[in-house]
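Every read-out reported here was derived from the displayed coordinates using simple, explicitly stated rules and does not represent laboratory data. Not measured: the values here are computed from a predicted model. As a convention, Cβ positions derive from the backbone with ideal geometry for all residues, glycine included, and neighbour counts pool all protein chains shown.
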Amino acid sequence: MTSSPLALYLMLALVLFCIGMYGALMKRNTVIVLISIELMLNAANLNFIAFSKYGPNPSLFGQVFSLFSITIAAAEAAVGLAILMAIYRQRKSVHIDDYDSLKH
Amino acid sequence: MQVAWIIPLFPFVSFILLLLLGKRLKEKSGMVASLLVSLSVLASFFVFYERGSGDTFVREVSWFSIGEVDISVGYQITALNALMLVIVSVISLFVHLYSTAYMKGNERFSIYFAYLGLFTFAMTSLVMTTNILQLYVFWELVGLGSFLLIGFYFEREKAKAAAKKAFIMTRIGDVGLFVAIVLIYLHVGSFSFHELFQRVENGTLSSSVVTTIALLIFVGAIGKSGQFPLHTWLPDAMEGPTPVSALIHAATMVAAGVYLVAYVYPLFLASETALTVVASVGAFTAIFAATIATAQNDIKRILAYSTISQLGFMMLALGTAGYVAAIFHLTTHAFFKALLFLAAGSVIHIVHTQNIFQMGGVKDVRWTSATFVIGALSLSGIPLFSGFFSKEEIFLSVWESGHYTLFWIAMITAMLTSFYMFRLVFLVFPGEKKDREIRYVESPAMMKWTLGIVAAASILVGFIGHFLSDWLESDFTSAFTHAEGPWWMPVVSTVFSVAGILIAYQLYRPSKAPKESSTNRLLERGYYLDEAYNRTIVAFVKGIAKITSVIDRYVIGGLVATIAQSVVWLGKRGAYAQTGKTQHYGAVAFFGLTILLVIYVWMGGYW
């Protein structure tokens, strides 16, 4: 374990990202998948902020960019949920394995 | 002679024109074709006249060159081919005219004349060549014309089979000719006849090479001229229309073999072996075919075997250094055989059958009968008819060469010739009609006219003997010795010919003739040669064909199919990646990204 604050923040972001990825790829419930995707986005935001404060060239860019990222994440979540709603009305199921009509 | 190249051009134009416009011209195609061929005839006579007062004319043009090898094409007018040009074009013209009446009403009238034009083009070009490669081209083209015309009635299975047989069999001979061409090129360095003859004269070609080349050329001639053993296609070729038989299988194409041997005669003169082989094969074929002819019942087949036999005579003459005799006989044979075929066509037209045992009483149809009998008398060598004079020359040349066995074979063949011809004559013309119902009506005017002219020509051509030897000698630097034969020769040959007629009279005159054919099976089937070929060579080739077909379908076809199937299999396996499940796609995407990142790091940051 190193004591540099940057490394600690990055490791946190990494852990969060991995948890998010696990959820996105392994969970059966589509809502949980969407939540996990949000988690991955947040991990990336953490990275930006960490580099903006403790990185080699500290500046405000990282924080400003993470604001953008949050906004976009929000919009994307809205769209994703809207799609989920539409599919649910069709198939009456949120089980992600049921959405396989593009199967060969 | 500079314009001699237009002689083949007219029939070629006829061919192209009739292929393009035939449907529209229909009945007029006959006139168009005949007109063009008559122009060819005029040109041939003109060239003949010019050659008479001039020297051999040669004109060559370079066709293409590969590296240092220069291949040229051209034409030459020697005494021999000036004569051939006249013969070919004149007989072609009469066949054209005759066919306008004979083939009337046929649906493919214009195609028939187109083919005739193609054939005439090829034959006239063949006789004028300067180099052996060009000759081979036209040799094959003539074979093609023959194939197309024999198989003209292609709805009949027998016609198709006969056409294939003719082409394939002559092709076998052509292989020999081709090997000869290759050998010539190897040893002489050029395809030109002139150079070949020079090398032979200088003695710079070893005698074994000369003999081999001569024999191989003769193999080609055996195929084309229907000598034993490649003769079986000729009788089957009678499936074609009768005027075709007159043109191709009597007068011209089958004479091409004889012509070829004559054209390269200096080569043969340099090789005793080759001459002996030619003479022996010729004599054997002559008597062999004559025996078969005595047992045939189809009028055209009798004439076909007769052609084979007479060509054997010509080869015999060539083989015994009787150059003039052979060419003389070629000329007279062209006319009287064409006459016989055309007259036979007329007879068939009148009695609607080809079986001589179903004819009889045709003598009432006077014009056809007269012309046919003139032809028969000519062929039998009766004095004052053309065949007598040309056969005399042949007997003379064989006697002078000292091959006495061949001489007597020739004499016996002559007797057989008159026998089978007059067997035919006595069965067909005198006597009673076998079938009371049929009325015999004389053939149309055009057929009568052409028959008459050809008959007159065939009588007149017998008297050109002395003129011919002078004419032909102008081709060679050394004159041919033309000795006068023993006094008894014309007498003996006449005796043999008349004996044949008398025997035929005894056996086949109307009162004593058998009602049906009771001929020897062996002879009738041509000594079962066809069957023998079928069982051996044909079966062998078919076997090879089957094997290669199996290889083609299963081995090669299998290989191709396997490749195709493996691609399909690969595709099917790949399709399993399409599960339709988002999370699988996501996993694959991240996995790929990971790999890229690893590579990125490994490469030190950039790739």
Task: Rg/Rg_ref, the protein assembly as shown, where Rg_ref = 2.2 N^0.38 Å and atoms are Cα - done: 1.63
TODO: Among B:Val495, B:Val454, B:Val598, rank each residue by its count of other Cβ atoms within 10 Å, from fewest to most, as a rough exposure measure.
DONE: B:Val598, B:Val495, B:Val454
Task: DSSP-loop trypsin sites (Lys or Arg not before Pro) across segment B:140-211, with at most 12 other Cβ within 10 angstrom - done: B:Arg156
Open item on the list: For the pair B:Val498/A:Met11, report the inter-label distance in nm, with labels modelled 7 Å from Cα in the Cβ direction.
Closed with: 13.9
TODO: Sticking to Cα atoms, compute the Rg of segment A:28-98 to one decimal and its Dmax as the biggest Cα-Cα distance, whole number, in Å.
DONE: 16.2, 51
TODO: Only Lys, Arg, Asp and Glu count, each charged at its Cβ (+1, +1, -1, -1), so figure out the dipole size of chain B about its Cα centre, rounded to 20 debye.
DONE: 2600
TODO: Run down the aspartates and glutamates and flag those whose C-alpha is under 13 Å from the C-alpha of B:Lys160, throwing out any fewer than 8 positions away in its chain.
DONE: B:Asp236, B:Glu239
Open item on the list: What do you get for GluC sites (Glu not before Pro) in segment B:5-111 restricted to DSSP loop and a cutoff of at most 13 other Cβ within 10 Å of the site's Cβ?
Closed with: B:Glu68, B:Glu107
- [ ] Figure the gain on full extension for B:Ser549 and B:Tyr185 (residue separation times 0.36 nm, minus the Cα-Cα span) and round it to one decimal in nm.
- [x] 127.5 nm
- [ ] Return, ordered by residue number, the residues of segment B:156-193 whose backbone nitrogen is under 17 Å from a label point located 7 Å along Cα→Cβ of B:Thr536.
- [x] B:169, B:172-173
- [ ] Give me the aspartates and glutamates in straight-line cross-link reach of B:Lys448: C-alpha distance below 13 Å, same-chain residues under 8 apart excluded.
- [x] none
Task: Of A:Lys27/B:Lys572; B:Lys28/B:Lys104; B:Lys165/B:Lys542; B:Lys300/B:Lys433; B:Lys26/B:Lys224; B:Lys26/B:Lys104, those spanning more than 22 Å from alpha-carbon to alpha-carbon - done: A:Lys27/B:Lys572; B:Lys26/B:Lys224
Open item on the list: Counting only helical runs of four or more DSSP H residues, what would the 222 nm mean residue ellipticity of chain B come to if each run contributes -39,500 (n - 2.57) and the total is spread over all its residues?
Closed with: -23500 deg cm²/dmol
Open item on the list: Whole-Hz ³J(HN,Hα) for each residue in segment B:49-61, computed from phi via Karplus 6.51 cos²θ - 1.76 cosθ + 1.60 with θ = phi - 60°, x for glycine and proline: what do you get?
Closed with: 4, 5, 5, x, 10, x, 9, 4, 10, 10, 9, 10, 10
TODO: Subtract the Cα-Cα distance of A:Phe61 and A:Ile35 from 0.36 nm times their separation in residues, and report this length gain in nm to one decimal.
DONE: 6.7 nm
TODO: Give a quick list of GluC sites (Glu not before Pro) in segment B:147-208 that DSSP marks as loop, anything other than H, G, I, E or B, with at most 13 other Cβ atoms within 10 Å.
DONE: B:Glu155
Task: Computed lengthening from B:Tyr527 to B:Arg156, 0.36 nm per intervening residue step minus Cα-Cα distance - done: 131.0 nm
Task: Pair B:Tyr404, B:Lys104: separation of 7 Å Cα→Cβ label points (nm) - done: 5.8
Open item on the list: If every alpha-carbon in chain B counts as one equal scatterer, what log10 I(q)/I(0) does Debye give at q = 0.09, 0.10 1/Å?
Closed with: -0.70, -0.85
